[in-house]
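Right, one structure below, let's go through it.
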Amino acid sequence: MGFALKHVTSADDVRHHLQQDGVVVIDNVLDGDEVGTLRALLDAEIECDLAAGTLFRDQGDCNERLLDIVCRHKAFRDLVEHPLSTAVASAWLKPRYRLSSFGANVTAPGSKEMFIHADQIYVPAPWPAYPVALNLIWALDDFTLERGATHFLPGSHKSDRGPDTTRIYPGTVPILCKAGSVVAMDARVWHHTGANTTVDERRAALLLYFVNWFIIPQSDWAAMIPPELRDDLSPLMLELLGFREKASMHLFEQFDGM
Ligand SMILES: O=C(O)CCC(=O)C(=O)O
């Protein structure tokens, strides 16, 4: 029998499903209005980069990517602090976690399949047997096979290293879900974006990537966040971006008795 991807409707059992399968879809996290607002904001940002000649493209030069959306709009920052994000990240990345990066990946007609990889590829192998990072993929369009749904290799989260990124691995399955869903993925999972074979349909995903507190984030938040924005950030956001802790010595007290 083939692999059956689990869909749930709350954060309650996400940790269990991640341990079991490495990937789980949380359906209906955002309603249609919220998806519409985020989609419009994302499109406007892409237009802006396009006009400025700075839009980053990959996968056959068709995929549209924004490497950081934290600084672009509060609606994006709100997803970092969304109850679903905090519930899943704090359950998965104990005892504390940080925001590593938050970007967007939009497949467009002609986008080629991405190379297979794991999001913690920078962690030296053999990987520890506990999770160190988490990807929350926010679907702003329905993820269909034709639009280039993310694919993953079932069982790969049990591996202690990443794939050979130049190889094709048989047995990957597409993650099909509706706009407004969130795909929670253990960073050990081997996965890739699918090819977009449609004539005129795009597939927008927001990639919210958290790491355990002892990993250096992919984004240099101190350099990226302007002072006026920093003054507006919540205590949680400041913590997730690393502004509240600049040294780790005092954190050792949390390991008492471990
Ligand atoms: O957008 C997707 O389907 C996944 C993207 C991805 O795996 C990545 O950017 O590392």
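The values are calculated or read from the model by the stated rules, or taken from the named source; none is laboratory data. As the structure is a prediction and not an experimental result, all values here were calculated from the model. When we count neighbours, we look across all protein chains shown, and the Cβ atoms used for this are built from the backbone with ideal geometry, even at glycine.
When you scan segment 6-23, do you find a residue that is more than 16 Å from the ligand (Cβ to nearest atom), farther than 21 Å from T193 by Cβ and touching a Leu at 6+ places or on another chain (Cβ under 6 Å), even just one? So far as segment 6-23 goes, yes, one or more of its residues are more than 16 Å from the ligand (Cβ to nearest atom), farther than 21 Å from T193 by Cβ and touching a Leu at 6+ places or on another chain (Cβ under 6 Å). Just one of (1) closer than 24 Å to G22 by Cβ; (2) more than 13 Å from the ligand (Cβ to nearest atom); (3) in a loop (DSSP other than H, G, I, E, B) fails for F210. It is (3).
Any chance segment 149-156 includes a residue that's surrounded by 21 or more Cβ atoms within 10 Å (Cβ to Cβ), away from the ligand (no atom under 14 Å from the Cβ) and not in a loop (DSSP other than H, G, I, E, B)? No, every residue in segment 149-156 fails to be surrounded by 21 or more Cβ atoms within 10 Å (Cβ to Cβ), away from the ligand (no atom under 14 Å from the Cβ) and not in a loop (DSSP other than H, G, I, E, B).
If we keep just the residues of segment 78-121 that are touching a residue at least 40 places away in the same chain (Cβ under 8 Å) and of a type in the set (S, T, Y), which is farthest from Q218 (Cα to Cα)? In this case the residue turns out to be S111. Within the set R57, R98, the sole residue that is part of a strand (DSSP E or B), farther than 27 Å from E239 by Cα and under 19 Å from the mean Cα position of the chain (by Cα) turns out to be R57.
Note on segment 60-81: among residues that are assigned to a helix (DSSP H, G or I) and hydrophobic (A, V, I, L, M, F, W, C), the one that is modelled with the lowest pLDDT is C62.
From the list P170, P124, P174, P131, the one residue that fits, being more than 16 Å from the ligand (Cβ to nearest atom) and either in contact (Cβ under 8 Å) with a residue 24 or more places away in the chain or hydrophobic (A, V, I, L, M, F, W, C) (or both), is P131. Candidates are the residues of segment 231-256 that are modelled with pLDDT of 75 or more and outside any loop (DSSP other than H, G, I, E, B); the one that is surrounded by the most Cβ atoms within 10 Å (Cβ to Cβ) is L240. Within segment 84-121, restricting attention to residues that are within 30 Å of T198 (Cα to Cα), surrounded by fewer than 23 Cβ atoms within 10 Å (Cβ to Cβ) and among the charged types (D, E, K, R), the residue that is farthest from the ligand (Cβ to nearest atom) is K112. Considering the conditions (1) touching a residue at least 60 places away in the same chain (Cβ under 8 Å); (2) within 24 Å of S101 (Cα to Cα); (3) away from the ligand (no atom under 14 Å from the Cβ); (4) acidic (D, E), D186 is excluded by exactly one of them, (3). Would you be able to say whether some residue in segment 165-176 is under 21 Å from Y122 (Cβ atoms) and among the basic types (K, R)? Yes: one or more hits.
Which of the residues that make up segment 162-201 are touching a Lys or Arg at 6+ places or on another chain (Cβ under 7 Å) and either small (G, A, S) or surrounded by fewer than 22 Cβ atoms within 10 Å (Cβ to Cβ) (or both)? A195, T198, E201, listed by residue number. In segment 191-207, of all residues being within 10 Å of the ligand (Cβ to nearest atom) and of a type outside the set (D, E, K, R), the one that is nearest to W127 (Cα to Cα) corresponds to H191. Candidates V189, V183: the one that is of a type outside the set (D, E, K, R), within 26 Å of Q20 (Cβ to Cβ) and part of a strand (DSSP E or B) is V183. The residues of segment 214-251 that are basic (K, R) and within 19 Å of H73 (Cα to Cα) amount to a single one, R230.
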